[in-house]
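Engineer: Got a structure here, written out as structure tokens. Questions coming.
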Amino acid sequence: MSKSGTKSVGLSLTWAIVLIWFGANLLSQALYLGFYGEPYDANQILKSLGAWYWACVFLELVIWLTFGSLLVQKFRLDVSNPSTAESA
């Protein structure tokens, strides 16, 4: 597999991971809200994890940074190859 093919698969996989993570968070909050009528307190849940709290915070931070870098890559302007506007 070529380097560009590997990069394409990596980007697709990363997008899939971020979207699955976001969907799982959204679905779990919606289910909890549907059953109990109020959103769960994420801080209380994380504090109950004890020493694993910081591992979860770190993982969450890595996912958000990955998502941010994907957005930057998606919308980054290619300065080295400026596009020319078509004239009518």
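Engineer: With 10 angstrom as the radius, rank TRP21, TRP64 by how many other C-beta atoms surround their C-beta, starting from the fewest.
Structural biologist: The most exposed by this proxy come first: TRP64, TRP21.
Engineer: From the phi of every residue in segment 34-49, what ³J(HN,Hα) in whole Hz does the Karplus formula 6.51 cos²θ - 1.76 cosθ + 1.60 yield, where θ is phi - 60° and glycine or proline is x?
Structural biologist: Each residue's phi maps through the Karplus curve to give x, 7, 10, x, 8, x, 6, 8, 4, 4, 5, 5, 5, 5, 5, 6 Hz.
Engineer: Given labels modelled 7 Å from the Cα in the Cβ direction, how far is it in nm from LEU49 to LEU13?
Structural biologist: For the pair LEU49/LEU13, the computed spacing is 2.3 nm.
Engineer: Taking the simple approach of a point 7 Å from Cα along Cα-to-Cβ for both TYR40 and SER28, what is their distance in nm?
Structural biologist: Each label point lies 7 Å from its Cα, and together they span 0.6 nm.
Engineer: What do you get for Rg/Rh of segment 10-75 when both radii come from the Cα atoms and Rh is the Kirkwood radius?
Structural biologist: 1.05
Quick note: the coordinates plus some simple rules give every number you see, no bench work behind them. Keep in mind that this is a model prediction, so the values were computed, not measured. Virtual Cβ from ideal backbone geometry, glycine too; neighbours counted across all protein chains shown.
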